Number of protein chains: 2
Amino acid sequence: MITTDFLRTHRTPVLTADDRSILENAVGRTLKMSARQIIVREGVPLKQCTLLLDGFIHRFKDTSDGRRQILAFHVPGDFVDLHSYPLKHLEHSVAASTDVEIAIFPHEAIRDITAKSPTLTELLWKSTLVDAAINREWLVSVGARSAAVRIAHLLCELQLRLERIERADAGGFALPMTQIDLADAVGLTPVHTNRMLRELRERKLADFREQYVRVHDREGLCAFADFDPSYLYLD
Amino acid sequence: MITTDFLRTHRTPVLTADDRSILENAVGRTLKMSARQIIVREGVPLKQCTLLLDGFIHRFKDTSDGRRQILAFHVPGDFVDLHSYPLKHLEHSVAASTDVEIAIFPHEAIRDITAKSPTLTELLWKSTLVDAAINREWLVSVGARSAAVRIAHLLCELQLRLERIERADAGGFALPMTQIDLADAVGLTPVHTNRMLRELRERKLADFREQYVRVHDREGLCAFADFDPSYLYLD
DNA sequence: CGGGCAATTGAGCATATTCAACCACAGTGG
DNA sequence: CCACTGTGGTTGAATATGCTCAATTGCCCG
């Protein structure tokens, strides 16, 4: 099923068979895109939403002086631009981090869902709000946590989000991005990000090498990161 | 009308008289609270939402090492915790910055709205997403803009948001908070915030004194702040 | 009058940035 | 086949930005 990972990620409310099929039937088509392609461009009117099926996607915004802030990393099961349904266009861009497979949900299909099923409507709404909660947690990280802690926190988050969809095990997970991407996400320079990764390695907490995060001491990492997963609303 | 400022803030979609009255009738009761009172405590199950009618409210989260990150400032017309309807509880707290007047919308009343009016449902959903867009813009500020620019950006945002509800004029606006609050919002220490405010004053852009922001050179301030208001979705 | 809070300033320090160099590796073209 | 090029990772040294600590002022309020 197209929506399997989405339902793994959001375990509540539990859906009836009816609702599950309404959701599944809202899928327009699926397609593949290659790494670094822009999926949604800032400001462009949208008529569809995108569910990520496989690969990684990130959302970002550039400032006038040439810096880039990554706003979100998306894993399979995430709607990457569901907020375009009420908002009609986005104030940031969305791009494929890796080669990806995505499913398209036309806005009309979403409108249909809202007409047919209050439960599904609430679930979709909720998913956009969990996304916002992650935005806020990143704001806390960048605004109030030190460089090393910030990075550790992000690794904890990704580990948990990937576990839900069975893309991680206790030992670690594939993270197909560069230190530059990581740096743009946590608001640091690539050079400093590199040094902080070394610190995490030297503390024997985690190790990011060859697109793979090896978590050596999960409890220690979470403690070091000041990590409290309640913002992910796993329930 | 209770919802006047909310409708001023969100000009689209334009509502029918029917929808306007459905929304207005969803109000349970209004009440006053005094400055610094906690309105919503992190993690507590919620059965109602809060619309701010008068005064200022902020949302915040504390880290384990005692730092506080302010996540949002709310002005009259903002729902401060509408996201509690789909999420059931919040991962952060909400507090009155000043003496405030608020209106309570029971979750049942919101559910009623979603049953009766798709247009209103979408409007409410949209309002939670504009809130999220502001979170993201703050993330860009804290992650990618320098201290002085960050503060200037926040002032530009507040000016615009307050103008929509006729709480600001071209010369400036009342901002009833301390430099400490400002510092916690932009991820700086109060000391450094103070110095950056001095810089804005010396550049003859804006001046924050006695709970009032005087904007001396609005165009210059916006330019200095790298301010693009599209994230507010004013339309 | 005294106590507490906010604003302000100075001095020294810590954290993160910038600039620069170097290595490894993959892809490209001669 | 091998030089050439571009990208990402790594490290060092100098610099800048923002933090900490400390002290002073003004003001409101009990």
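Quick look at the numbers
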{"read-out": "Burial ranking of peptide ranges A:142-150, B:94-102 (average Cβ count within 10 Å, highest at the top)", "value": "A:142-150, B:94-102"}
{"read-out": "Per-copy distances of the residue B:44 label point, shortest first, in nm (7 angstrom along Cα→Cβ)", "value": "4.6"}
{"read-out": "Positive-pole candidate from A:118, A:40, A:100, dipole of the stretch A:25-128, charges at beta carbon", "value": "A:40"}
{"read-out": "Copy-to-copy label separations for residue A:32, where each label sits 7 Å from Cα toward Cβ, in nm and ascending", "value": "6.6"}
{"read-out": "For the protein assembly as shown: rounded, prolate or oblate by the Cα gyration tensor [a/c cutoff 1.5]", "value": "oblate"}
{"read-out": "Heavy-atom accessible surface of the protein assembly as shown: percent carbon and sulfur, 1.4 Å", "value": "50 percent"}
{"read-out": "At least 50 Å² accessible surface lost relative to isolated chain, residues of the stretch A:117-144 (1.4 Å probe)", "value": "A:122, A:125, A:129, A:135, A:136, A:139, A:140, A:143, A:144"}
{"read-out": "Across the identical copies, how the residue B:116 labels are spaced - nm, sorted shortest first, 7 Å along Cα→Cβ", "value": "2.6"}
{"read-out": "Estimated 222 nm signal from helices in the protein assembly as shown, with DSSP H stretches of n ≥ 4 weighted -39500 (n - 2.57), rounded to 500", "value": "-13500 deg cm²/dmol"}
{"read-out": "Leading residue at positive end of dipole, the protein assembly as shown (Cβ point charges), from A:186, A:109, A:80", "value": "A:186"}
{"read-out": "Relative contact order computed over the stretch B:153-207 (Cα-Cα under 8 Å; 6+ residues apart), in percent", "value": "16 percent"}
{"read-out": "Relative contact order (%) - the stretch A:35-83, alpha-carbon pairs under 8 angstrom, separation at least six", "value": "40 percent"}
{"read-out": "Shape of the stretch A:182-223, Cα gyration tensor, a/c cut at 1.5", "value": "prolate"}
{"read-out": "Size-normalised alpha-carbon gyration radius of chain B, reference 2.2 N^0.38 Å", "value": "1.01"}
{"read-out": "Partner chain coverage, peptide A:81-88 - average Cβ within 10 angstrom", "value": "5"}
{"read-out": "Spatially proximal lysines relative to residue B:61 (Cα-Cα < 25 Å; intrachain offsets below 8 disregarded)", "value": "A:61, A:126, B:32, B:47, B:88, B:126"}
{"read-out": "Protection proxy ranking of B:167-173, A:191-197 - average other beta-carbon atoms within 10 Å, highest first", "value": "A:191-197, B:167-173"}
{"read-out": "Cβ neighbours within 10 Å from other chains - mean over A:63-75", "value": "4"}
{"read-out": "Chain A residue with Cβ closest to the axis mapping A onto B, distance in whole Å", "value": "A:132, 2"}
{"read-out": "Cα centroid separation - the stretch B:116-153 against the stretch B:165-187, whole Å", "value": "17 Å"}
{"read-out": "Relative contact order %, the stretch A:4-138, counting alpha carbon pairs below 8 Å whose residues are six or more apart", "value": "35 percent"}
{"read-out": "Global form of the stretch A:146-232, assessed from the alpha-carbon gyration tensor, a/c cut-off 1.5", "value": "rounded"}
{"read-out": "Centre separation in Å (Cα based) which lies between the stretch A:202-235 and the stretch B:194-235", "value": "39 Å"}
{"read-out": "FRET efficiency, 1/(1 + (r/R0)^6) with R0 51 Å, evaluated for residue A:8 and residue B:17 via beta carbons", "value": "0.70"}
{"read-out": "Pairwise burial B:A, computed as accessible area of each alone minus the pair, summed, 1.4 Å, Å²", "value": "4200 Å²"}
{"read-out": "For the stretch B:4-138, convex hull of alpha carbons as volume per residue, Å³", "value": "102 Å³"}
{"read-out": "Heavy-atom accessible area per residue - the protein assembly as shown, 1.4 Å, Å²", "value": "40 Å²"}
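The values are calculated or read from the model by the stated rules, or taken from the named source; none is laboratory data. Quantities reported herein were computed from a predicted structural model and do not represent experimental measurements. Here Cβ is always computed from backbone atoms with ideal geometry, including for glycine, and neighbour counts include all displayed protein chains. For accessibility, only protein heavy atoms count, side chains too; no ligands or nucleic acids. Shrake-Rupley method; radii C 1.70, N 1.55, O 1.52, S 1.80 Å.
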